[in-house]
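To start, the structure under review is shown below, and the notes come after it.
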Amino acid sequence: MRTLVLASAFPPACGGVERFIYQLCRGLEGQLVVIAPQTPGDQQFDVAQSFEIRRVSKLPLAIPGSTALSLSISLTKELARARPDLLICAHISVAGLAYIVKKLINVDYVVFAHGAELIGSLQWVRQRLFKSAGLIVAVTHFTRSRLIDMGVNGQKIVVLNPGIDTEWFRPGYDVSCVRNKYGLVGKRVLLTVGRLAANEQYKGHDMVIRALPIVLQVIPNTVYLIVGTGDDRERLEHLARQEGVENHVIFAGFVPDDELPAYYCAADVFVMPSREIIEGDTFKYEGFGIVYLEANSCGIPVIGGRSGGVPEAVLDGVTGLLVEPTSKEAIAAAIIRLLSDVELANKLGLQGRQRVIREFDRRVIAANFEKMLKEIITKQI
């Protein structure tokens, strides 16, 4: 089977969606070609892969849809060489290309639905692209329900959670470099990994900062390590000063994916109390949260917000704790509980690791996805 994967972003570009699609590609059989935009470090990354990656140049950002236009040029060239059996759209943003190809040469496409991209204007465009797809892969049952609310046929939607490389994200990394770099020796460390984007404030960095004064009254050697970059950092830095906890909040900035496991292992608790935010007719939320699984895979207990698709990533009382994400008191109580009860924290971290290996290992997820794709090809024949 010859499969083309269209990705608006792909490793070594960082992000949960990027890591998810990459792990799937690693496990797919047959002839696979990924078409994705250029990104720093891509040449060294691409030659190390078992499948082919063709990079396209990004046009100036001032041109709307520049990535989609670049991909369309590359896709046209690829189709001229050999007709694929199937197109996989890693994101709805590139599904328009697959829609046109399907109309022209009757090659079906699969589109992934992650969650946050389902909101915003031009809903009718998303609806048409989803309805035309041969299969829609939702990352959670929550996302599936949102698609059905949009009028998409539920029989075309399957749920496939993100997969994790459990051999890479594992306990036992040497964390001395991370702890020495940020002065974490003798500290209790909270960690969040995620973009600091003004349009993604639902991730809850701000609520952890607001909860810190309460935590510090009980556990004064607590520090909050934030991994990620974005245009919301200035607001969060101001908030930390306002709350009087600026000396307990560390902004680590960008961390390459290959260094992330050591950061997870250096933490005592991973915390990201994502919440649902309604702004006019816009509904923002966390569709799943692959970072919870990455932390669990490293044996670290997690705290998540009881909202969106997070309860499917975090099993309350089993792999971590779910909290009311708009309550700083509830967030602080959960943090204090896990930092104070080492036995409980270790138990949740261990159970989280076992669950990820059992249900979310990249090979398990890829095998399930492979079965779905073969069913689509069979229907075409």
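Values computed for the structure shown
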{"quantity": "Cα-based helix-to-principal-axis angle, 205-218 vs the chain, degrees rounded to 10", "calculated": "20"}
{"quantity": "Only Lys, Arg (+1) and Asp, Glu (-1) charged, at Cβ; the chain dipole about Cα centre in debye", "calculated": "940"}
{"quantity": "Integer Hz, Karplus 6.51/-1.76/1.60 couplings in order for segment 365-371, x for Gly and Pro", "calculated": "5, 5, 5, 5, 5, 4, 4"}
{"quantity": "Whole-Hz ³J(HN,Hα) from phi, Karplus 6.51 cos²θ - 1.76 cosθ + 1.60, for segment 149-165, glycine and proline x", "calculated": "4, 7, x, 7, 5, x, 5, 8, 9, 10, 9, 9, 6, x, x, 10, 7"}
{"quantity": "Kirkwood Rh, Cα atoms: Rg over Rh of the chain", "calculated": "0.98"}
{"quantity": "For residue 361, residues with placed amide H under 5 Å, excluding near neighbours", "calculated": "164"}
{"quantity": "Over the chain: helical MRE at 222 nm, DSSP H runs n ≥ 4 each giving -39500 (n - 2.57), nearest 500", "calculated": "-12500 deg cm²/dmol"}
{"quantity": "For residue 303, residues with placed amide H under 5 Å, excluding near neighbours", "calculated": "270, 271, 272, 321"}
{"quantity": "HN-Hα J in Hz across segment 265-274 - Karplus 6.51, -1.76, 1.60, θ = phi - 60°, x for Gly and Pro", "calculated": "5, 7, 8, 8, 9, 9, 9, 8, x, 4"}
{"quantity": "Cα gyration tensor category, rounded, prolate or oblate, for segment 252-347 with a/c compared to 1.5", "calculated": "oblate"}
{"quantity": "Distance violations [Cα-Cα > 25 Å] among 284/347; 102/371; 203/374; 103/131; 102/284", "calculated": "284/347; 203/374; 102/284"}
{"quantity": "Per residue, the convex hull volume that the Cα atoms of segment 176-359 enclose (Å³)", "calculated": "109"}
{"quantity": "Relative contact order (percent, whole number), segment 176-359, Cα cutoff 8 Å, 6+ residue spacing", "calculated": "23"}
{"quantity": "Listed residues 16, 317, 115, most fluctuating in the chain (Gaussian network, C-alpha, under 10 Å)", "calculated": "317"}
{"quantity": "Nearest-20 debye value, segment 176-359 charge dipole, Cβ charges on Lys, Arg, Asp, Glu", "calculated": "540"}
{"quantity": "Gaussian network model of the chain, Cα within-10 Å springs - most flexible of 213, 256, 171", "calculated": "256"}
{"quantity": "Separation between Cα centres of segment 131-170 and segment 306-381, rounded to whole Å", "calculated": "15"}
{"quantity": "Check: segment 255-357 dipole with +1 on Lys, Arg Cβ and -1 on Asp, Glu Cβ, in debye", "calculated": "300"}
{"quantity": "Most positive-pole-ward Cα, 346, 333, 186, against dipole of the chain from beta carbon charges", "calculated": "346"}
{"quantity": "Which of 315, 301, 3, positive extreme of dipole for the chain (C-beta unit charges)", "calculated": "3"}
{"quantity": "Nonlocal amide H pairs with residue 8, under 5 Å, H built at 1.01 Å", "calculated": "90, 91"}
{"quantity": "Segment 304-381 - percent relative contact order, Cα under 8 Å, separation 6 or more", "calculated": "21"}
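Bear in mind that the values in this text are calculations on the coordinates, not laboratory data. The shown structure was predicted, so the numbers you read here are calculated from the model rather than taken from an experiment. Glycine also receives a Cβ, built like all others from the backbone with ideal geometry; neighbour counts cover every protein chain displayed.
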